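Everything on this sheet refers to the single structure shown next.
None of the figures in this text is laboratory data; all of them are computed from the coordinates on show. Worth saying up front: this structure is predicted, and the values here are computed from it rather than measured. Virtual Cβ from ideal backbone geometry, glycine too; neighbours counted across all protein chains shown.
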Amino acid sequence: MIRILFIILAALITAVVIHIVTIFSIPYNSVNDIWHKSVQLGPVHKIFTIRNPKDAVNLSSDLDPLFAYGICRAEVADTPIGLKGQLPTDFWSLDYVDSLGRSQFSLTNQTSGPRVNIVLASRGQQRLLAERPDLIDDTSIVISATEDRGLLVLRAFVASERKRDMIADAISQLSCSPLWDAESFE
């Protein structure tokens, strides 16, 4: 009798451990997150503008329909990525999101005003940028990339639906590109 109870208890403990491991592994194995959905938008180092609030919610339930969005998939293995331009809105924010969908860094326009001048770089690239101040200007905000790829998600507040197209057009004019050509840089 004790042997049967011991087997049942061991089976229950094993089932609980398997259940917990499965639940904690879901985010690492999910393909229904913002990173995997953004892969379908197109190539890296291009800003994709999301004007329609329904499209934003369809991409991720974390995206607020009161904002217009710009998403740039970035890969910093070879060179840092610069996100630059102007936004005509009272409020914007930027999130750097890793490939698992976790927010690693965020900032708002209170840091830099209407001008967007963000550089996403690896630690080695940051050392190079510190040694070569001619590569970026004094107003650049340098974000440390936690891995070789990630998303720069810019959201701009749309105070009035009449201004949505103007704000979305400004987002589409932002440049999201490597700071230099990896092959020609010395």
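Translational diffusion coefficient of the chain (Stokes-Einstein, Kirkwood radius from Cα pairs, 37 °C, 0.692 mPa s): 178 µm²/s.
In percent, what relative contact order does the stretch 34-178 have, based on Cα pairs under 8 Å that are 6 or more apart in sequence?
Details: 295 pairs, mean separation 51.7, N = 145.
Rounded, it is 36 percent for the stretch 34-178.
Computed extension gain for D62 through D98, at 0.36 nm per residue and net of the alpha carbon distance, reaches 11.5 nm.
Quick one: order K84, K54, K46 by neighbouring beta-carbon count within 10 Å, fewest to most.
Ordered by Cβ neighbours within 10 Å, fewest first: K54, K46, K84.
Compared with the alpha-carbon gap, the fully stretched path from D55 to I2 is longer by 13.2 nm at 0.36 nm per residue. Spin-label model, T111/L12: points 7 Å from Cα along the beta carbon direction are separated by 5.0 nm.
If r is the Cβ-Cβ distance from V142 to Q173 and R0 is 22 Å, what FRET efficiency results, to the nearest 0.05? My answer for the efficiency is 0.50.
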